[in-house]
Amino acid sequence: MNTFTRISDRDQIENLLHSYARGVDTGNLASIAELFRHGSICGADGAPLAAGYDAVLAMYTSVVKIYPGCSTPKTQHVVSNLILDLESEDAANSTANYTVLQQLPSGNIECIIAGEYFSRFLKQDGQWQFHEHHMRNRITGDLSHHLLIEIDEITQGKDDGITG
C-alpha cells in the first residue's frame, strides 16, 4: 500500500544528491552526466569543470577508475548532514557532507576522501535539477585506486575539486 501521494521538493533534491553518489558507486557515469544535462560540475573555487551531458560524461570517464569484472570503482559514497535552503519556489541551495569508502585490491576497505558538497538546484517543469555542484575536499587519503589522474590535475594544486 502506497502511503504517500507526492514527493516533496526536499525529497526530490535529496534524491538528486543520492542519485549522484549512486551513479559513481555503480559505475553508471552516464547517469551522472544525465543529472547535469542542464547543469555544471564546479571546483570548490566556483569555476566550472564541466557543463552539460557530454562534457560531464567525458570528465568522469577520464577521471574515475572503473574495475573490470564489477564495472564499478568499488566505492561507497555516504552523503550526510544535508542542509537545504529554499531560496524561492524554483531555486534552492544545499550543503551536505560526503565520505567515500573504497575496497582496495588487498580487500581492505578505507576512507579515501571526505568533504562537502555545495549545490544549487533549479526547478524546471515541476522537477528539480542540478544547476551547479561544487565539491570541497576536507580529508584526502590514497586516491590512486579511485582516480585515473592525480588530484592536482583536477584541482590545480588545491585540496578541492571533483573527486567526491
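Only one entry in A96, A55, A50, A44 is out of contact with any strand residue (DSSP E or B) (no Cβ under 6 Å at 6 or more places or on another chain) and not polar (S, T, N, Q), namely A55. For region 129-153, the candidate set comprises residues that are closer than 13 Å to Y60 by Cβ and surrounded by 21 or more Cβ atoms within 10 Å (Cβ to Cβ); within that set, the residue that is modelled with the lowest pLDDT is M135. Only one entry in K158, K123 is at pLDDT below 95, surrounded by 14 or more Cβ atoms within 10 Å (Cβ to Cβ) and either among the β-branched types (V, I, T) or touching a helix residue (DSSP H, G or I) at 6+ places or on another chain (Cβ under 9 Å) (or both), namely K158. Candidates are the residues of region 81-111 that are without any contact (Cβ under 8 Å) to a residue 12 or more places away in the chain and of a type in the set (G, A, S); the one that is surrounded by the fewest Cβ atoms within 10 Å (Cβ to Cβ) is G107. Scan region 58-65 and tell me whether some residue there is among the charged types (D, E, K, R) and in contact (Cβ under 8 Å) with a residue 40 or more places away in the chain. Yes, region 58-65 has at least one match. For region 89-112, filtered to residues that are of a type outside the set (G, A, S) and in contact with a helix residue (DSSP H, G or I) (Cβ under 9 Å, 6 or more places away or on another chain), the residue that is farthest from R10 (Cα to Cα) is V100.
Scanning region 1-55 for residues that are touching a residue at least 12 places away in the same chain (Cβ under 8 Å) and among the hydroxyl-bearing types (S, T, Y) returns S19, Y20, T26, S31, S40, Y53.
Within the bounds of region 9-16, is there any residue that is over 22 Å from E116 (Cα atoms) and in contact with a Phe, Trp or Tyr (Cβ under 8 Å, 6 or more places away or on another chain)? No, region 9-16 has no match at all.
The values are calculated or read from the model by the stated rules, or taken from the named source; none is laboratory data. This is a predicted model, so every value here is computed, not measured. Here the Cβ is made from the backbone with ideal geometry for all residues, glycine too, and neighbour counts use every protein chain on show.
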